[in-house]
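Enquirer: Here it is: the structure, laid out below.
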Amino acid sequence: MPAPRTVLLTGAAGGLGTLMRGLLPRYGYELRLLDLRPIEGEPDAITADLADREALREAVRGVDAIVHLAGISLESTFEKILKANIEGTYHLYEAAREEGVRRVVFASSNHAVGFAPRPRGDDPLIPIDTPRRPDTFYGLSKSFGEDLAQLYWDKHGLETVSVRIGSCFPEPTSVRMLSVWMSPEDGARLFHAALTAEHVGHTVVYGSSANTRLWWDLTTARALGYEPRDDSEPFAEKLVAEQGELEEGNPAHERLGGHFVTDPPIWPY
């Protein structure tokens, strides 16, 4: 499809949102920013809760597409996850449907399949159609988001690319992350591909760089036109020296979701 001109970026004050605020405009996008918190240096950003359906509909009005990053990005109580990630995502899709927005890029997560065993040795890469096995309420909410996206495509013709993001940071910080890392520049490349690819319907992709230690299959992401350019391997020697290789028999090292399956980090708010 033609490149959208105006894109609503939800969760624009968060870590990934902050990175994309700096990178996506290079592809010609005019970003409309939304977050629960005010964004320093962005006086025109919209401050609104995803529960405020009137404000959300106004934020969506007139945009060509949405990159939906808002919500709780770690584990929390089911009640908080329900409000922010499940009901909030539903409200966003309803606003998009009501305002005629035709494309959403949804920040799903590898934690939707977090209990899947990681590949070892010559094992095949984890396919995109591996059964979902969420490792937390957070991962469960991302499974819901993928199903919601499928429903809105089948019922309303609203297209979505659901990106099962690994870890998008300037550099990996753990040995596990060497396998699931997505550089910020590759993240912007993937979101751009997801915004512009033709006839996506509802497409689920894994989001990472072309890592030497990659665990999952990037075929569906590449089919969108995504061409990752980065690899975590230059960081490997230092991280392995500090932390050691992943251990057999350690549940946090044997499952795709890492320590989310054993001791998930808790959302601080």
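Enquirer: Just a yes or no: is a residue in the range 227-246 outside any helix (DSSP H, G or I) and closer than 30 Å to Y93 by Cβ?
Expert: Yes, that holds for at least one residue.
Enquirer: Restricting attention to the range 37-57, which residues are farther than 24 Å from G22 by Cα and either of a type in the set (D, E) or surrounded by 14 or more Cβ atoms within 10 Å (Cβ to Cβ) (or both)?
Expert: D52, R53, E54, A55, R57
Enquirer: Of everything in the range 103-128, what is modelled with pLDDT of 95 or more, small (G, A, S) and over 24 Å from A188 (Cβ atoms)? Give them in sequence order.
Expert: Hits for the range 103-128 are G114, A116.
Enquirer: Inside the range 5-28, can you point out the residues that are buried (at least 23 other Cβ atoms within 10 Å of the Cβ) and closer than 19 Å to A197 by Cα?
Expert: Scanning the range 5-28 gives V7, L8, L9, M20.
Enquirer: Can you run down the residue pairs with Cβ atoms below 6 Å, 6 or more apart or on separate chains, where the first is in the range 133-148 and touching a residue at least 60 places away in the same chain (Cβ under 8 Å) and of a type outside the set (D, E) and the partner is surrounded by fewer than 23 Cβ atoms within 10 Å (Cβ to Cβ) and assigned to a helix (DSSP H, G or I)?
Expert: Listed by first residue and then by second, the contacts come to F137/F78; S141/I86.
Enquirer: Residues being among the β-branched types (V, I, T), assigned to a helix (DSSP H, G or I) and surrounded by fewer than 22 Cβ atoms within 10 Å (Cβ to Cβ): count how many of those fall in the range 75-89.
Expert: 1
Enquirer: Against the conditions (1) without any contact (Cβ under 8 Å) to a residue 60 or more places away in the chain; (2) out of contact with any Pro (no Cβ under 9 Å at 6 or more places or on another chain), where does V105 fall short? Just the number, please.
Expert: Result: V105 passes all but (1).
Table: residues versus (1) at positive phi; (2) not aromatic (F, W, Y).
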{"site": "H156", "(1), (2)": "no, yes"}
{"site": "V180", "(1), (2)": "no, yes"}
{"site": "L195", "(1), (2)": "no, yes"}
{"site": "W216", "(1), (2)": "no, no"}
{"site": "G225", "(1), (2)": "yes, yes"}
{"site": "F235", "(1), (2)": "no, no"}
{"site": "A241", "(1), (2)": "no, yes"}
{"site": "G257", "(1), (2)": "no, yes"}
{"site": "F260", "(1), (2)": "no, no"}
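Enquirer: Could I ask something else about it? Taking the range 233-269, which residues are over 22 Å from L140 (Cβ atoms) and either among the charged types (D, E, K, R) or without any contact (Cβ under 8 Å) to a residue 12 or more places away in the chain (or both)?
Expert: Matches in the range 233-269: E233, P234, E237, K238, A241, E242, E245, E247, E248, G249, N250.
Enquirer: Okay, next question. For the range 45-67, name all the residues that are part of a strand (DSSP E or B) and either of a type in the set (S, T, N, Q) or closer than 14 Å to V104 by Cβ (or both).
Expert: T47, A65, I66, V67 - these are the residues of the range 45-67 that are part of a strand (DSSP E or B) and either of a type in the set (S, T, N, Q) or closer than 14 Å to V104 by Cβ (or both).
The values are calculated or read from the model by the stated rules, or taken from the named source; none is laboratory data. Predicted model only: the values in this text are computed from it and were never measured. For neighbour counting, all protein chains shown are included, and Cβ atoms are generated from backbone atoms with ideal geometry for every residue, glycine included.
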